[in-house]
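Colleague: Handing you this structure, nothing more for now.
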Amino acid sequence: MAQQSNDPPSCMRPTEPDRPFLLASDIDGTLLGDEEGMTALKTFAGHYPGAFHLALVTGRSLSSVVGLVELGYLPRPNYVCGSVGSEIVDYHDPHNVIGRKYTGRVSPTWDLEAIYMLGEGEGIHRQDFPNGRPRFQAGFYWDGREETLAAFRERLNGWVGCRILPSYGQFIDVFPDLVGKGHAVRFLRRELGLDVDRVVVAGDSGNDREMFETNFKGIVPANGLDELKAIACQSRHYQSPFPAALGVLDGLRHFGFIEDTSESGQCP
């Protein structure tokens with residue numbers, strides 16, 4: 001394990017450059033929100049492109065993520081696990097073999113419109129998707145009350161093969177059993193042939209919960225919500241004192257994936 005510092009990482013290199021790791025990270029509130037940390041992460045990714053695989057695991061659509069990457073707000077990823085991990089896009093494969101394999105596991109009986117019709121009720125209505133409705137994510141606006149969530153669960157009680165995920169006190173997502181943020185990261189680990197100890201997840205809210213319920217290491221930045229911090233408290237989890245991308249880098253250092261070389265003058 002790399003020695004821990006109380007200072008934010010500023011100049012980094014991988015500790016095992018010939019043994020790549022997978023960083024599967026949420027975007028909003030996890031990577032975005034700290035300019036200093038994002039600049040450092042993009043610099044690291046630019047200097048050591050083969051040292052790690054970057055998967056952006058997000059509620060955003062692919063077109064939204066591509067826009068952020070092309071505008072320079074995010075480093076170029078290897079994979080985008082969009083629509084809350086219900087779809088995977090291999091950023092460098094126009095045929096998206098991995099993505100088609102991932103969603104090919106969903107049962108042909110999955111009926112998105114039926115979920116929407118059953119789910120809508122008092123305090124809960126279907127979400128707007130400006131970039132097009134996802135195929136495997138039913139998204140709802142929620143008034144945040146426990147009683148309306150309980151009624152929602154009751155309405156979907158007979159629907160086999162789906163999971164319900166509330167977050168932020170204002171959203172509810174429903175997925176088929178075999179997709180979602182946690183499933184997406186597990187799937188990528190297997191496809192990449194990585195050991196479990198070479199995978200780390202990062203998130204800031206309740207819709208990242210499934211990633212932290214895996215056996216992978218997990219990072220929560222200082223600005224993470226209590227709804228995630230309450231369950232990200234195992235020995236494999238790290239809650240950083242730094243925000244957003246700076247917190248993610250601090251977590252990578254904490255787990256020994258990177259080391260800070262600023263004091264040694266070995267910055268690339």
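Colleague: Restricting to the stretch 156-204, and then to whatever is crowded, with 21+ Cβ neighbours inside 10 Å and in a loop (DSSP other than H, G, I, E, B), can you tell me which residue is farthest from the chain's Cα centre (by Cα)?
Modeller: Only one residue tops the list, namely VAL179.
Colleague: Pick from ALA222, ALA245: which is touching a strand residue (DSSP E or B) at 6+ places or on another chain (Cβ under 8 Å), of a type in the set (Gly, Ala, Ser) and not in a helix (DSSP H, G or I)?
Modeller: Selected residue: ALA222, the only one of ALA222, ALA245 that is touching a strand residue (DSSP E or B) at 6+ places or on another chain (Cβ under 8 Å), of a type in the set (Gly, Ala, Ser) and not in a helix (DSSP H, G or I).
Colleague: Looking only at the stretch 80-98, decide whether some residue is outside the structural domain of LEU192 (by TED's automatic domain parsing) and in contact with a Phe, Trp or Tyr (Cβ under 6 Å, 6 or more places away or on another chain). Full working, then the answer.
Modeller: We begin by selecting, within the stretch 80-98, every residue outside the structural domain of LEU192 (by TED's automatic domain parsing); these are none.
There is no residue in the stretch 80-98 that is outside the structural domain of LEU192 (by TED's automatic domain parsing) and in contact with a Phe, Trp or Tyr (Cβ under 6 Å, 6 or more places away or on another chain).
Colleague: Here is a check on your reading of the model: is ARG100 touching a helix residue (DSSP H, G or I) at 6+ places or on another chain (Cβ under 9 Å) and surrounded by fewer than 20 Cβ atoms within 10 Å (Cβ to Cβ)? If you could, list the steps in order and put the result at the bottom.
Modeller: Numbers: touching a helix residue (DSSP H, G or I) at 6+ places or on another chain (Cβ under 9 Å): no; surrounded by fewer than 20 Cβ atoms within 10 Å (Cβ to Cβ): yes.
For ARG100, the condition - touching a helix residue (DSSP H, G or I) at 6+ places or on another chain (Cβ under 9 Å) and surrounded by fewer than 20 Cβ atoms within 10 Å (Cβ to Cβ) - is not met.
Colleague: With respect to GLY144, is the statement that it is in the same structural domain as ALA202 (by TED's automatic domain parsing), of a type outside the set (D, E, K, R) and on the phi > 0 side of the Ramachandran plot true?
Modeller: Criteria not met by GLY144.
Colleague: Turning to a different aspect of this structure: Show the residue pairs that are 6+ apart or on different chains and have beta-carbon atoms under 7 Å apart, the first residue being within the stretch 221-249 and crowded, with 20+ Cβ neighbours inside 10 Å, the second being among the aliphatic types (A, V, I, L, M) and assigned to a loop (DSSP other than H, G, I, E, B).
Modeller: Pairs that qualify, where the first residue is crowded, with 20+ Cβ neighbours inside 10 Å and the partner is among the aliphatic types (A, V, I, L, M) and assigned to a loop (DSSP other than H, G, I, E, B), are SER240/ALA222; PHE242/ALA222; PRO243/ALA222; ALA244/LEU31; ALA245/LEU31; GLY247/ALA222; VAL248/LEU31.
Colleague: Follow-up. What number of residues in the stretch 143-152 are part of a helix (DSSP H, G or I) and over 11 Å from GLY121 (Cα atoms)?
Modeller: 3
Colleague: Here's a follow-up. Which ones in the stretch 134-152 are farther than 18 Å from LEU112 by Cβ and surrounded by fewer than 17 Cβ atoms within 10 Å (Cβ to Cβ)?
Modeller: ASP143, GLY144, ARG145, GLU146, GLU147, THR148, ALA150, ALA151
The values are calculated or read from the model by the stated rules, or taken from the named source; none is laboratory data. If you're wondering where the values come from, they're calculated on a predicted model, not measured in any experiment. Glycine also receives a Cβ, built like all others from the backbone with ideal geometry; neighbour counts cover every protein chain displayed.
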